[in-house]
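Worksheet: the structure to be examined is printed underneath.
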Amino acid sequence: MSKPQVLQIGALSERFNRTLAERYDVTALWQQADPMQFLKEHGATFELLVSSARFGCSGEQLACLPNLSVICSFGVGCDPYPLEQLRDRGIVISTTPDVLNDCVADLAMGLMIDSARQLTAADRFVRAGHWLSGNYPLTHKVSGKKLGIVGLGRIGQAIARRAQGFDMPVRYHKRRQDPDSSYGYAADLLELASWADFLVLACPGGAATHHLIDAKVLSALGPQGILVNIARGSVVDQAALVSALLDGSLGGAGLDVFDGEPAVPQALFGLPNVVLLPHVGSATQETRLSMEELVLANLYAFINNGQLLTPL
Ligand code: NAP
């Protein structure tokens, strides 16, 4: 029996690419000499698409795929997909929720601790031999500080649970109050930023949250406040963030994501109160394996009974 045809937009891990190619008749779009031309000529062949929160599928690509019925996406971010077009055409999409909550929430805690206690900066201090000439300057306490979370979804809630172990009072902001949550709700983001010592972003990217964190929010967070972003670079007005960090009107930042990544503002490189990570929220062996397995399980379920396990 012939294997179902699958179009794969971008390369995932070698292990994943190999497994997918063993199970399906895979066309690797990134290996085509001219991917757009290939889609124009052969796009109608494909009903099944595999992509990721990084590669997505543009409106232009989608227009060349008239028979597409499903997208199985690696990751939870859906900002690189034209969701309205998908909805209008009845194309369903699965993501890989929940299996990455622990690692992304762990990383958010790590960024809070590192930006406040300056672990990586202190490590650089030791490696440079500066300890031989004197002690590292005093930093800021984490336990007991007030934590504001923007987006109390699956990852935001995992961060809030971890913060309980640090005796941190938690409040959150999102579009709707969660009736089941015992944490304080702030309908007004500025009010949350003024109250919080740490403001952690765990909402989706995309048009609705573009520059949600602007100069006003950063100024409300203030010179003692720390911003942690594990959401998407687009959520923050990055120019305003860089300027607030440089002039000291914001206390610090722990950033896993950037606007225009992998380019990162070089102006931040010398600041000890800023931690810069290369978008590694879910990047552990264990979690990436679980995410890969969930993409494959969704594809299998759709092919075999027309149902996705984790539809958007
Ligand atoms: P989720 O369960 O869907 O939670 C999203 C939360 O954001 C919800 O509480 C939602 O509540 C809130 N929200 C949505 N739109 C909002 C808006 N305009 N303003 C304020 N809040 C808004 O998603 P998740 O699984 O926790 O993932 C959250 C995000 O984390 C993802 O979308 C992705 O961008 C990011 N992420 C990053 C990494 C990384 O490697 N750094 C890894 C995984 C995920 P309401 O709908 O009530 O507003």
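A few points about this structure:
- Assuming charge only on the beta carbon of Lys and Arg (+1) and of Asp and Glu (-1), the dipole of the range 49-205 about its Cα centre is about 300 debye to the nearest 20.
- Working note: Debye formula, equal point scatterers on the alpha-carbon atoms of the chain, no solvent; log10 I(q)/I(0) at q = 0.06, 0.08, 0.11, 0.15 Å⁻¹ is -0.24, -0.42, -0.74, -1.16.
- Only the Cβ atoms of Lys and Arg (+1) and of Asp and Glu (-1) were treated as charged; on that basis the dipole of the range 101-276 about its Cα centre amounts to roughly 260 debye.
- Dividing the summed -39500 (n - 2.57) terms of all DSSP H runs of n ≥ 4 by the residue count of the chain sets its mean residue ellipticity at 222 nm at -10500 deg cm²/dmol.
- If you count Lys pairs in the chain whose Cα atoms are under 22 Å apart, skipping same-chain pairs closer than 8 places in sequence, the total is 5.
- Amide hydrogen proximity for Ser52: with H placed 1.01 Å from N in the peptide plane, the residues at 5 or more positions away or on another chain lying under 5 Å are Phe74.
- Dipole size of the chain about its Cα centre, with +1 on Lys/Arg Cβ and -1 on Asp/Glu Cβ: approximately 500 debye, rounded to the nearest 20.
- Volume per residue that the Cα convex hull of the range 101-276 spans, once the total is divided by residue count, Å³: 115
- Fluctuation leader among Pro35, Pro179, Pro262 - the chain, Gaussian network, Cα springs under 10 angstrom: Pro179
- Crossing angle, helix 14-23 versus the chain [Cα axis fit, 0-90 degrees, rounded to tens]: 20
- Peptides 232-240, 244-252 ordered by average Cβ neighbours within 10 Å, highest first: 232-240, 244-252
- Computed over the chain with a Gaussian network model linking Cα atoms closer than 10 Å, the most mobile of Asp79, Asp123, Asp214 is Asp123.
- Considering only Ala122, Ala163, Ala202, the mean-square fluctuation computed in a Gaussian network model of the chain, springs between alpha carbons under 10 angstrom, is largest for Ala122.
- Modelled spin-label separation between Asp214 and Asp247, with each label point placed 7 Å from Cα along the Cα-to-Cβ direction: 1.6 nm.
- Backbone phi angles across the range 274-280, fed through the Karplus curve with coefficients 6.51, -1.76 and 1.60 (θ = phi - 60°), yield HN-Hα couplings of 10, 10, 10, 10, x, 6, 10 Hz in residue order; Gly and Pro are listed as x.
- Positive-end residue of Ile93, Gly156, Gly134, charge dipole of the range 46-196 with Cβ unit charges: Gly134
- Note on the range 164-215: Rg/Rh from C-alpha atoms, Kirkwood Rh, equals 0.96.
- Heavy-atom surface of the chain, accessible at 1.4 Å and reported per residue (Å²): 49
- Shape category assigned to the range 242-312 from the gyration tensor of Cα positions, a/c cut at 1.5: prolate
- Positive minus negative residues near Gly144 (Lys, Arg vs Asp, Glu; Cβ under 10 Å): +1
- Geometric descriptor of the range 185-309, per residue, is 143 Å³ (volume of the convex hull of the Cα atoms).
- Rounded percent of accessible protein surface that carbon and sulfur make up, the range 84-178, 1.4 Å probe: 50
The values are calculated or read from the model by the stated rules, or taken from the named source; none is laboratory data. Everything numeric here is computed off the predicted structure, so don't read it as measured data. Quick reminder, even Gly has a Cβ in these numbers, built from the backbone with ideal geometry, and neighbours come from all protein chains shown. These area figures cover heavy atoms from the full protein model, side chains too; ligands, DNA and RNA do not enter into them. Shrake-Rupley method; radii C 1.70, N 1.55, O 1.52, S 1.80 Å.
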